[in-house]
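The numbers here are math on the coordinates, done by the rules we state, and not lab data. Just so it is clear, the structure is predicted and the values come from calculations on it, not from any experiment. Ideal geometry is used to build each Cβ from the backbone, glycine not excepted, and the neighbour counts take in all protein chains shown.
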Amino acid sequence: MATIIDGKKISQTIKDELKEKVAEYKQNGVEIALAVILVGNDPASSVYVGNKKKACEYIGIRSLSYELPEETSEEELLTLIDTLNKDDSVNGILVQLPLPKHIEEKKVIRAISPKKDVDGFHPENVGALLIGEPGYVSCTPAGIIELLRRSNVEIEGKECVVIGRSNIVGKPMGVLLLRENGTVTVTHSRTKDLKEVCKRADILVVAIGKPMMITADYVKEGAVVIDVGIHRKEDGKLCGDVDFSSVEPVAGAITPVPGGVGPMTIAMLMKNCVDSISLLS
Ligand code: GUN
């Protein structure tokens, strides 16, 4: 039986810590504001953005909401970002992805000032992470490190296998595990003998984007399994990239879906907003 890593509970602790810090800042006359931009009406994105705004409210961060129609042009979006970059009362800017097809995501990510890029997607922040300099770190991988730390999972010297090499999760996850002195393998769709590679892992981070793909035969007895995926099944229930009922009896610890990595992503976004006070100065 695996220990269940309770991301909901850990994220709540982090949010409460941040709430205190924000209150202290407020007493010293410092206010934090996050601009949240949503283009179009993708239902999942609307839910994510709603959750981010709720978290801001809980912690005491002012959220400025920009809900723009699907047909917003790239130029209009870039103009808004430019205005927010120049606005000293705005600490962080978040553009919810994915964007409509006629808008180039790369361009939008680069347009956000690296000092306000609380998502940690700007190439300057990604580069800073790679060479160990201060900067914003992508929230999901940062949240996973925090989950491991607060669950007393040692990373140093451990075999860490990441499945998936996206810019948002897989790649920064690999770098962060390396920074914690793990021995890191990042796997992907062309990896040969994926099962065998995964079976070496003491810590297995699954960000593959395929519902319930990882079963017990990918997992070493006692391994820590972190599930980044979130999918809605035909019966309406949520599931991850890991087949929980198959893996849980084999793993030493495992994150559930929902209530594992998801809430940590938002907690780390809030942490990045609070950290903006020192990063902006
Ligand atoms: N879409 C899915 N995940 C994210 C995220 O972490 N940040 C933003 N901005 N968009 C997303």
**Asked** What is the antiparallel percent of DSSP beta bridges lying wholly in the chain, to the nearest 5?
**Response** 5
**Prompt:** Mean separation of Cα pairs under 8 Å and 6+ residues apart, divided by the residue count of the stretch 118-193: what relative contact order is that in percent?
**Reply:** 29
**Per-residue ³J(HN,Hα) for the stretch 234-244, Karplus 6.51 cos²θ - 1.76 cosθ + 1.60, θ = phi - 60°, Hz, x for Gly and Pro** = 4, 7, x, 7, 8, 9, x, 7, 9, 7, 4
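With 34 Å as the cut-off, how large is the P(r) tail for the chain, expressed as percent of Cα-Cα pairs?
20
Thinking of the stretch 1-133 as a set of Cα atoms, what percent of all their pairs are more than 22 Å apart?
Tail fraction, whole percent: 46.
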**Cut-off 18 Å, label 7 Å out along Cα→Cβ of T79, residues of the stretch 106-124 by amide N** = 108, 111-112
**Request:** Tell me the trypsin sites (Lys or Arg not before Pro) within the stretch 90-128 that lie in a loop according to DSSP and have at most 11 other beta-carbon atoms within 10 Å.
**Result:** K101
**Request:** Would you please give the FRET efficiency between L130 and E24, computed as 1/(1 + (r/R0)^6) with r the Cβ-Cβ distance and R0 = 35 Å, to the nearest 0.05?
**Result:** 0.60
**Asked** Can you give the Rg to Rh ratio for the stretch 121-182, taking only C-alpha atoms and Rh from Kirkwood?
**Response** 0.95
**Request:** Please list, in chain and number order, the residues 5+ apart from L68 or on another chain whose amide H is under 5 Å from its amide H, with Hs placed from the backbone.
**Result:** L38, V39, G40
**Asked** Rounded, prolate or oblate: which one fits the stretch 223-281, using the alpha carbon gyration tensor with axes a ≥ b ≥ c (rounded when a/c is under 1.5, else prolate when a/b beats b/c, else oblate)?
**Response** oblate
**Prompt:** Let a ≥ b ≥ c be the square roots of the eigenvalues of the Cα gyration tensor of the stretch 150-281; is it rounded (a/c under 1.5), or, if not, prolate (a/b larger than b/c) or oblate?
**Reply:** oblate
**Asked** What nm value, rounded to one decimal, do you get for the distance between M1 and T215 when each label is placed 7 Å out toward the C-beta?
**Response** 2.5
**Request:** Measure nothing fancy, just the Cα-based angle from helix 74-86's long axis to the longest principal axis of the chain, in degrees from 0 to 90, nearest 10.
**Result:** 80
**Prompt:** With each run of n ≥ 4 DSSP H residues scored as -39500 (n - 2.57), what mean residue ellipticity at 222 nm is computed for the chain after dividing by its residue count and rounding to the nearest 500 deg cm²/dmol?
**Reply:** -13000 deg cm²/dmol
**Asked** Going out from 0 in 10 Å bins, what whole percent of all Cα-Cα distances in the stretch 184-253 drops into each bin?
**Response** 22, 55, 21, 2
**Request:** May I ask for the angle, rounded to the nearest 10°, between helix 7-27 and the longest principal axis of the chain, with both axes built from Cα atoms and the value confined to 0 to 90°?
**Result:** 30
**Request:** Mind listing the long-range amide H neighbours of N181? Cut-off is under 5 Å, sequence gap 5 or more, other chains count too, H placed in the peptide plane at 1.01 Å from N.
**Result:** none
**Prompt:** Got a sec? How would M1, M213, M173 order by Cβ neighbour count within 10 Å, fewest to most?
**Reply:** M1, M213, M173
**Request:** Please report the relative contact order for the chain, taking Cα pairs under 8 Å with a sequence separation of at least 6, and give it as a percent rounded to a whole number.
**Result:** 22
**Request:** Round to the nearest 0.05 the FRET efficiency obtained for K233 and R110 when R0 = 30 Å and r is the Cβ-Cβ distance.
**Result:** 0.25
